[in-house]
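In what follows, a structure is listed as C-alpha cells, so that the remarks can point back to it.
None of the figures in this text is laboratory data; all of them are computed from the coordinates on show. As the structure is a prediction and not an experimental result, all values here were calculated from the model.
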Amino acid sequence: MTLMSLAEKLSDLTRQALSYTDARDWAALELLQNEREKLLLQLRDHISERPVQSEQESLRLAEILNQIKDADQGMSQRIERLKAELLDENHDLKKGQRMQKAYKPFG
C-alpha cells in the first residue's frame with residue numbers, strides 16, 4: 001500500500017469508528033480500533049522507511065492526519081459523555097433499588 005492509501009484507509013476507518021461510537025456498538029468499535037492500530041503502525045513504518053518526497057503529498061498527509069486527530073478527539077468526547085450518562089443511569093437505578101428495599105417491609 002502507498003503512504004496516501006494507508007492514510008486514507010485510516011481516515012475511512014476513523015469515520016466508521018465514529019459511527020460505531022454513536023450507535024454504541026462497542027464490540028464492532030473494539031475490532032475496528034484494533035484494525036486502526038495496525039494501520040497506524042504500518043503508516044508509521046512506511047514514513048520512517050520512505051519519507052514523504054513531495055510538498056503536495058506532505059500537505060495532503062498532514063491534512064488527513066489532522067482530520068483523524070480531530071475525529072479521535074470527538075470520539076473520545078462522545079465516549080466520555082456516554083460514560084457519564086451510564087454512570088448517572090446506574091446511580092439512579094441503585095437509588096431506586098435502595099428505596100424499594102427500604103420500603104419493602106411496609107408493602
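Select from 88, 25, 12 the residue whose mean-square fluctuation is largest in a Gaussian network model of the chain (Cα-Cα springs shorter than 10 Å).
Top of the fluctuation ranking is 88.
What residue among 94, 38, 83 shows peak mean-square fluctuation when the chain is described by a Gaussian network model with Cα springs under 10 Å?
Fluctuation is largest for 94.
Quick one: Cα centre-to-centre distance for segment 13-35 and segment 46-107, in angstrom?
With segment 13-35 and segment 46-107 each reduced to a Cα centre, they are spaced 11 Å.
State the extension gain, in nm to one decimal, for the chain segment bounded by residue 91 and residue 16, taking 0.36 nm per residue of separation less the distance between their alpha-carbons.
Value of the extension gain: 23.9 nm.
Output the direction-averaged projected area (hull surface divided by four) of the convex hull of the alpha-carbon atoms of the chain, in nm².
If you wrap the Cα atoms of the chain in a convex hull and average its projections, you get 8.4 nm².
Using bins 5 angstrom wide from zero, how does P(r) for segment 53-107 break down, in % of all Cα pairs?
That works out to 4, 16, 10, 11, 8, 8, 9, 6, 7, 5, 4, 4, 3, 2, 1, 1, in percent per bin.
So what is the 222 nm mean residue ellipticity for the chain from helices alone, if each DSSP H run of at least 4 adds -39500 (n - 2.57) and you divide by all residues, rounding to the nearest 500 deg cm²/dmol?
Value at 222 nm, helices only: -32000 deg cm²/dmol.
If I stretch the segment between residue 71 and residue 54 completely, what's the gain in nm (0.36 nm per residue apart, minus their alpha carbon distance), one decimal?
Separation in residues times 0.36 nm, less the Cα-Cα distance, equals 3.5 nm.
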